[in-house]
Amino acid sequence: MRFRTLATAVSTLAFAALLPMGGCFNPNGGVTGYFAYMSTPISPKTVIIYDMRTNEPFFIQDIPVGKQLNFRFLQDGGDDPLYSPGRLQWGISEAGDNASQLGNQLTCPPEESCRIHIEVRGAFPVEDQEGERYRIDLGEGADHQTPRGGPIPHGSNNRIYE
């Protein structure tokens, strides 16, 4: 196979290298046809997919912490050729499991009419219990470390400035 220019050769080889990636999950959402979103303790996620023609959500899924939502769009198999011609296949698996089965499906608008929105839920609930936020297990005579306060004990180990 002969190429007329170096640019043609490079672009053909780059395209050929990308072809095998077509069926891979992308853990940050995807450009490969499959989508994967992971929920962690500092970033618990909710995935919402909107039909941009009506701006109404048709899929909402809270992803439990430590789990991953995997999904893909199929162009056919829907129940209405105009409003919902496609299917959305999805499943929840352990975080990092990119080879899970997509055991659920629903009819959906065409992929080109969908917008994926990711919300990060509140990561750290605020505790309102008095004294629990800065609690320290205390020994005898350590009032300076409690919410009540007190004088800092004098000694060589407690000096900040000489």
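Any read-out appearing in this document is the output of simple, stated calculations on the displayed coordinates, not a laboratory observation. Since we're looking at a predicted model, the values are computed, not measured. All Cβ positions, glycine included, derive from the backbone under ideal geometry; neighbour counts span all protein chains shown.
Between Gly33 and any residue 5 or more places off or on another chain, the built amide H atoms are never under 5 Å apart.
Once the Cα-Cα distance is subtracted from the 0.36 nm per residue extended length, the Val120 to Leu82 segment shows a gain of 10.4 nm. When Asp80, Asp97 are sorted by how many other C-beta atoms sit within 10 angstrom of their C-beta, beginning with the fewest, the order is Asp80, Asp97.
Over all pairs of distinct alpha carbons, what does the Kirkwood formula give as the hydrodynamic radius of the range 34-120, in Å?
13.2 Å
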